[in-house]
Amino acid sequence: MTEHDDALYLAHIDEAARRIERSATVLSRQTLETDDDLRDATLYRLQTMAESTQRLSAELKAAHPEIPWDDIAGFRNRIAHGYLGVNLDIVWDIIERDLPQLARMARDELALWHRAREHP
């Protein structure tokens, strides 16, 4: 795994988080339950974002022990394999409580990566 690979996955995490954050700020928890398209898009974004976290290098993950990497992987597996039983209360809690921390880490790491590229 290279730094470039990490940057690619971090950029995906950032973009997916931004889209979820944008939807969540406009809509409510109730809308997530009643709007099939919003729910499907949100679950897809969370799933692919979680997949990207699994592809980050061990070094990057080790540098961020505050991120619950194993929980994210477990959540991804739950969405991918148990999608009919996804608890939307848990999804909303993740959006409100956990997503901001993951997004902030991705954005901070991307900023460091870009600075390193500008000033080698």
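Gap in Å between the Cα centre of region 15-84 and the Cα centre of region 93-120? After rounding, the separation between the Cα centres reads 15 Å. Modelled label positions at N87 and K61, each set 7 Å beyond Cα in the direction of Cβ, lie 2.4 nm from each other. Annotation: region 1-90 has a Kirkwood hydrodynamic radius of 14.0 angstrom, from the mean reciprocal C-alpha pair distance.
Using DSSP H assignments, which helices in the chain have an axial alpha-carbon span of 24 Å or above and a mean Kyte-Doolittle hydropathy of 1.6 or higher? Span-like helices here: none at all. Solvent-free Debye calculation, one equal scatterer per alpha-carbon of region 5-49: log10 I(q)/I(0) at 0.21, 0.33 Å⁻¹ equals -0.66, -1.16. Entry note, the chain: the mean residue ellipticity at 222 nm calculated from DSSP H runs of n ≥ 4, each adding -39500 (n - 2.57), is -24500 deg cm²/dmol after division by the residues and rounding to the nearest 500.
Every read-out reported here was derived from the displayed coordinates using simple, explicitly stated rules and does not represent laboratory data. The structure displayed is predicted, hence computed values, not measured ones. Cβ sites come from the backbone with ideal geometry, for glycine too, and all protein chains shown count toward neighbours.
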